1. Show me, for the stretch B:194-205, the HN-Hα J-couplings you get by feeding each phi into the Karplus relation (A = 6.51, B = -1.76, C = 1.60, θ = phi - 60°), rounded to Hz, glycine and proline as x.
2. Please give the per residue volume of the convex hull enclosing the alpha carbon atoms of the stretch B:24-128, rounded to a whole number of Å³.
3. Provide the buried accessible surface between chains B and A in square angstrom, both chains summed, 1.4 Å probe, rounded to the nearest 100.
4. Could you report the accessible area of A:Leu6 in Å², rounded to 10, computed with a 1.4 Å probe on the protein chains as they sit in the structure?
5. Return one number: the angle in degrees, 0 to 90 and rounded to the nearest 10, between the long axis of the Cα atoms of helix A:71-87 and the longest principal axis of the Cα atoms of chain A.
6. Could you check what % of the DSSP bridge pairs in the stretch B:76-215 are antiparallel, to the nearest 5?
7. To the nearest 20 debye, what charge dipole does chain A have about its Cα centre, counting +1 at the Cβ of each Lys and Arg and -1 at the Cβ of each Asp and Glu?
8. I'd like the distance between the alpha-carbon centres of the stretch A:66-136 and the stretch B:14-38, rounded to an integer number of Å.
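The values are calculated or read from the model by the stated rules, or taken from the named source; none is laboratory data. In this text, all values refer to a predicted model and were calculated from it rather than measured experimentally. As a convention, Cβ positions derive from the backbone with ideal geometry for all residues, glycine included, and neighbour counts pool all protein chains shown. Just the protein is used for accessible areas: all its heavy atoms, side chains included, with ligands, DNA and RNA removed. Shrake-Rupley method; radii C 1.70, N 1.55, O 1.52, S 1.80 Å.
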Protein chains: 2
Amino acid sequence: MVIDRLFQEVKEKGNVCLGLDTAPAYIPIDFLKGFSSEAEAVFNFNKKIIDATYDVVGCYKVQIAYYEALGLEGLAAYKNTLIYIREKKSLIIADIKRGDIADTAKMYAKAHFTGDFESDFITLNPYMGMDSIDPYLPYLDNEEKGLFILMRTSNKGAEDIEYIQDKNGLHVYDIVGEKIQSIGSKFIGKNKYSSLGAVVGCTHQEEAVQIREKLSNTFFLIPGYGAQGGGGKEVALYLKNGNGGVVNSSRGILLAYKKVIQGEKKFDVCAREEVLRMRKDIFDACSI
Amino acid sequence: MVIDRLFQEVKEKGNVCLGLDTAPAYIPIDFLKGFSSEAEAVFNFNKKIIDATYDVVGCYKVQIAYYEALGLEGLAAYKNTLIYIREKKSLIIADIKRGDIADTAKMYAKAHFTGDFESDFITLNPYMGMDSIDPYLPYLDNEEKGLFILMRTSNKGAEDIEYIQDKNGLHVYDIVGEKIQSIGSKFIGKNKYSSLGAVVGCTHQEEAVQIREKLSNTFFLIPGYGAQGGGGKEVALYLKNGNGGVVNSSRGILLAYKKVIQGEKKFDVCAREEVLRMRKDIFDACSI
């Protein structure tokens, strides 16, 4: 089960999930100038970031939208980034948030669990229902792959649908959570977590303890650290003994160099320092 | 407003939205053999289908999952297919069902409304809320682009989330529909329809009349014809005087050649005949 590998990586290297949401605008201008295309600069920027961090992050999350925005060249940079992460023996969450059914879902599974865009985990959107998840499940059983299903996010608009309450007072996200926990029970690894995980934003502290208890076997992908407001204290509520989830930060790490005096430190050195700071912030909060 | 162009196309050429969900397995073996890669065969198959149908379809819907499944080469075939449709002056719905927020959504908008993968309309998934739609809206105002938001689909799993009822008895899909109609009111064209449309499956006849009335300015993308069960009669309930929606069929058209004796007719001829049959089926049902 791939979830055992992720559990082990988190145990050894910490909870940081480094988000490679690399926009050309994030790249230092001098570095960017050295390449003939934005896509090439993006890949080489990613390489430097990966080299500087692969021994201190639990995994990488690659947000495909940033690469799609650069067209075919961007998707070549996406492919090369995935290959480079795999060469470092690190795990990849492809943040694709696809959601479709039947043969179309099978095609997405093929696209992102095999071939040019192969990754270890992908994120999915459950709006169309659980038959939009089923076509991916054979890969969990047989191919060492995993999923993170959108459950409750930390954006303002989450209230529009995710927070709708049914007649019994259950939120849409509660219902999605129950289904993730229940379907996920078929894909549980040695460490008691399932390869079918959930995306849970780290705001809304009041619900965190409850969610962590209810979804006892569910591993969390937690966005919302730093740029979106949550800190170590909020995140810790979603973890169990410091494991059971990875915490994403993208711009907080990629743009850490902007906080130091220009030229004083390289962007990759700053990225590593921010990963170490964040890792300690979470570790300390879990130890209280 | 791009919706006026779509309205006009439907008026002149009919309601059929031809779905280019082209899997290599759908291509006649003799044709497939003529190309050095599956992706090249897919593009050339699409070309033949487009040549045979562009004067009798309202638009094309290209399902990106089928192209992603073939990796970078597949996405080159996707790009070339979009360019070819545009050369024929037909309209494209890119069926991408993306759903994300903030800068990520901006990246998806850039990816699919400009550059290599430019299309006229894209489909979106609203699970994360209406702030996952906002970043696309400037393109509706300024760039002659349109959206179809997933509202209610015709798969079995639709019951899992879309059919959840809130305390007032409103389904999730009702709430999504209201938001589409309300936000869409800012993007209404000369023909009283909005460039912000909805994806509504054509099963569930009992609700069709109600949905068509409530969402009076909303143009529909209607899947579920043929392969998924609905016919002209069901579809007609979602149309107004034969307009106000396009009806997708993919395999029903692409695989029409399989219904005739092998070699008797070419796949493109069969596709055109199926489009004409389907167009008449819908036209007749709307005329009753």
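1. 9, 6, 9, x, 10, 8, 9, x, 8, 7, 6, 3
2. Each residue corresponds to 107 Å³ of Cα convex hull volume.
3. Summing both chains' loss of accessible area gives about 4800 Å².
4. Surface open to solvent at A:Leu6 totals about 0 Å².
5. Here the helix axis deviates by roughly 80 degrees.
6. Of the beta bridges lying entirely in the stretch B:76-215, close to 15 percent run antiparallel.
7. Dipole about the Cα centre, nearest 20: 720 debye.
8. 23
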